[in-house]
Amino acid sequence: MSHSSAGPEHFHAQARSALGDPQLRQNFRGAMDYLQDKRKSAFFDPVEEAQLRDLSAAIRQRCLSKLPQLLEQLEANCTRNGIEVHWAENDKEANDIIASIAQRHNAKSIVKGKSMVSEEIELNHEMAKLGIECLESDMGEYIVQLDGDKPSHIIMPAIHKNKQEVSDTFALHLDDFEPTVDVDELIQTGRSHLRQKFHDADIGLSGVNFAVAETGTLCLVENEGNGRMCTTVPKVHIAITGIEKVVEFLADVPPLFNVLTRSATGQAVTTYFNMISSPRKNGELDGPLEVHLVLLDNGRSQAYQDEEMRKTLQCIRCGACMNHCPVYTRVGGHAYGTVYPGPIGQIISPHIMGLEKTKDLVTASSLCGACGEVCPVRIPIPEMLQRLRTHAKNPPKADIMPLKGQASGASTLESWVMKGFVLAATSPKIYHSATWSLSKLNAFMPNHIGPWTQCRTSPKPADKTLHQLIKIRHKKKSDKP
């Protein structure tokens, strides 16, 4: 069953639909409880956890402070190693680059390791227009691709489905599949169908977790081995990543790898950690003959230019903020209508898609702070959401560069209401008159006030204002003998 959404503009409707799906909510509730427990057990020492998060945040902030220089260094060292580096300002340029590489090799098939950036540029859809088939090889991505669906989580794409639903998907799409809910059998079935695809593919495509400027090395974290197959079996390997994934030194990787795996899945290490530094060299028996690296901007420069918003780019895509968000854990990833759902998606999507489309997303948070408390690189997500809410409602100030789509959520009525509140709250006479009037007219307060009372009781002013109550109390005290 496809859960694909119509986009972030329809978040409210999609969230209502998700809340009305008891199976979906049950699937997410169980998965999120499991992941929260796993992370908690992985960080059993709060002192060590705090030290690791401080160190990781410092590394990411240092690297981002030197981003332009590090990207140039990365390009120079990758080129020296034999990796061809390409720059893409937006999704169209990235797809054009990959298409030109594929057409140069007369490629008809691409086998993909997990890559959220390829989802961001809608690679599968664009390559299909050229007659090139893209096959997902990450098991979760493979399942959602069979469904014609989209990932609902950045590290566990099919987390919205239980094992019975996965069995139903395989039964619908795989000819020789005997229905089962045995997880090992389900995984083995998927692997057996993918094995030959690695061998037959013309191109392997992967994401990048960390790109090391010092050595020109591309690091890839995974658990299934499909990433290693994608990057070694086909004759051509294309890696695609956002420009923010660059780190300065190879020594920066271990601390980030440590907090990434423990935050994401509660693992001390993942099963595979791949380091790709060049194409196959003379005398080597395997590996691609060509390696390409596509560096994608797609709105990231906008976040980089603002020192506060730049913290968005610290993200290492662990998904911990999603696993602990009270909104995400109830509506799931598809409700957001974006490639990156949950709290991190709420602060990065406005830069990629603009606030015109994402202005509702930045309000989809209780601001409880759970996302910020578990972020391994200490991104202050609640504070950034408040800033984006302000940008969505108000025009830019003269000394601050406007965001794409700024003020697209402005409301004349809301603006006048807030101005009226400011006037009343800063003028004692108006304030006392207004509160006195409300206390006398409280019987006329409506029981329903639009969306506010969908899940709340309508507020009812007290019979007496606070000032009146205090006066009464003082009078009683003074009247006592």
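Coupling constants for segment 360-377 follow from the phi torsions by the Karplus curve (6.51 cos²θ - 1.76 cosθ + 1.60, θ = phi - 60°), and in residue order they are 6, 5, 5, 9, 7, 8, 7, 6, 5, x, 4, 4, x, 6, 9, 5, x, 10 Hz; glycine and proline get x. Per-residue SASA remark: R330, around 100 Å² accessible (1.4 Å probe; ligands, DNA and RNA not included). When a/c reaches 1.5 or more, the comparison of a/b and b/c decides; with that in mind, is segment 62-118 rounded, prolate or oblate per its Cα gyration tensor? Prolate. By the Cβ-Cβ criterion of under 4.7 Å, the unpaired cysteines of the chain are C63, C78, C134, C219, C230, C315, C318, C325, C368, C375, C455. Its Cα gyration tensor gives segment 264-391 an equivalent ellipsoid, and the semi-axes of that ellipsoid, as √(5λ) in whole Å with the largest first, are 33, 19, 13. Using Cβ point charges alone (K and R +1, D and E -1), the dipole size of the chain about the Cα centre works out to roughly 3280 debye.
Extension gain, S192 to E414: 0.36 nm times the residue separation minus the Cα-Cα distance gives 74.2 nm.
Is segment 148-295 rounded, prolate or oblate when judged by the Cα gyration tensor, a ≥ b ≥ c being the square roots of its eigenvalues, rounded requiring a/c under 1.5 and prolate requiring a/b larger than b/c? Oblate. Across segment 189-206, computed HN-Hα scalar couplings (Karplus, 6.51 cos²θ - 1.76 cosθ + 1.60, θ = phi - 60°) run 4, x, 5, 5, 6, 8, 3, 5, 5, 4, 5, 7, 5, 7, 9, x, 10, 9 Hz from first to last residue, x flagging Gly and Pro. If R0 is taken as 51 Å, the Cβ-Cβ distance between L55 and C455 corresponds to a FRET efficiency of 0.80. For a label point 7 angstrom out from the Cα of Q26 toward its Cβ, which stretches of segment 142-159 have the backbone nitrogen within less than 18 Å? It comes to 159, nothing else.
If you wrap the tightest convex hull around every Cα atom of segment 118-231 and split its volume per residue, you get 123 Å³.
When a 1.4 Å probe is rolled over the protein heavy atoms, the share of accessible surface on segment 139-241 that falls to carbon and sulfur comes to 49 percent.
For segment 143-298, what is the charge dipole size about the Cα centre, in debye to the nearest 20, if Lys and Arg each add +1 at the Cβ and Asp and Glu each add -1 at the Cβ? Here segment 143-298 has a charge dipole of around 360 debye.
Take every Cα pair under 8 Å whose residues are at least 6 apart in sequence, average their separation, divide by the length of segment 293-404, and the relative contact order is 28 percent. In the chain, a dipole from Cβ-located charges (positive for Lys and Arg, negative for Asp and Glu) runs towards its positive end, and of A364, V85, I203 it is A364 whose Cα lies farthest in that direction. In segment 1-123, the portion of solvent-accessible area held by carbon and sulfur atoms comes to 52 percent [1.4 Å probe, whole percent, DNA, RNA and ligands not counted]. Here the peptides 242-250, 470-478 are ranked by packing, the mean other Cβ count within 10 Å, and the order with the highest first is 242-250, 470-478. Rolling a 1.4 Å probe across all protein chains gives W87 an accessible area of roughly 110 Å². The gain in end-to-end length when the E308 to V183 segment is fully stretched comes to 40.6 nm, 0.36 nm per residue minus the alpha carbon separation. Could you list the residues of segment 208-240 with an amide nitrogen less than 16 Å from a label point located 7 Å from the Cα of H105 in the Cα-to-C-beta direction? Residues passing the 16 Å test: 227-240.
For the chain, relative contact order (Cα pairs under 8 Å, six or more residues apart, normalised by length) works out to 20 percent. Length gained on full extension, M275 to A171: 33.8 nm, using 0.36 nm per residue less the C-alpha separation. Each peptide in 129-136, 154-161, 143-150, 373-380 gets a packing score, the mean of other Cβ atoms within 10 Å over its residues, and the list from highest to lowest is 154-161, 373-380, 143-150, 129-136. Note on S17/E214: beta-carbon distance plugged into 1/(1 + (r/R0)^6) with R0 of 41 Å gives a FRET efficiency of 0.30.
On a per residue basis, segment 145-286 carries 43 Å² of accessible surface, using protein heavy atoms and a 1.4 Å probe. Convex hull volume of the Cα atoms of segment 170-243, normalised per residue: 117 Å³. Shape of segment 1-137 from its Cα gyration tensor (a ≥ b ≥ c, root eigenvalues): rounded if a/c is under 1.5, otherwise prolate when a/b > b/c, or oblate? Oblate shape, in that a/c is at least 1.5 and b/c is the bigger or equal ratio. Highest-first packing order for the peptide set 233-239, 223-229, 443-449, 165-171 is 233-239, 223-229, 165-171, 443-449, based on the mean count of other beta carbon atoms within 10 Å. Taking amide H as placed 1.01 Å from N in the peptide plane, the amide H of T217 sits under 5 Å from that of V212, each at least 5 places away or on another chain. Using only side-chain charges placed at the Cβ, +1 for Lys and Arg and -1 for Asp and Glu, the dipole size of segment 169-233 relative to its Cα centre rounds to 280 debye. For segment 143-200, the relative contact order works out to 23 percent when only alpha carbon pairs closer than 8 Å and six or more residues apart are counted.
3J(HN,Hα) couplings calculated from phi for segment 304-317 with the Karplus curve 6.51 cos²θ - 1.76 cosθ + 1.60 (θ = phi - 60°) are, in sequence order, 5, 5, 9, 4, 6, 5, 4, 4, 4, 6, 5, 3, 10, 6 Hz; Gly and Pro show x.
The values are calculated or read from the model by the stated rules, or taken from the named source; none is laboratory data. Please read these numbers as outputs of a predicted model, since none were measured by experiment. In this analysis, Cβ positions are derived from the backbone assuming ideal geometry, glycine residues included, and neighbour counts consider all displayed protein chains. In case anyone asks, the SASA skips ligands and DNA or RNA and just uses the protein heavy atoms, side chains included. Shrake-Rupley method; radii C 1.70, N 1.55, O 1.52, S 1.80 Å.
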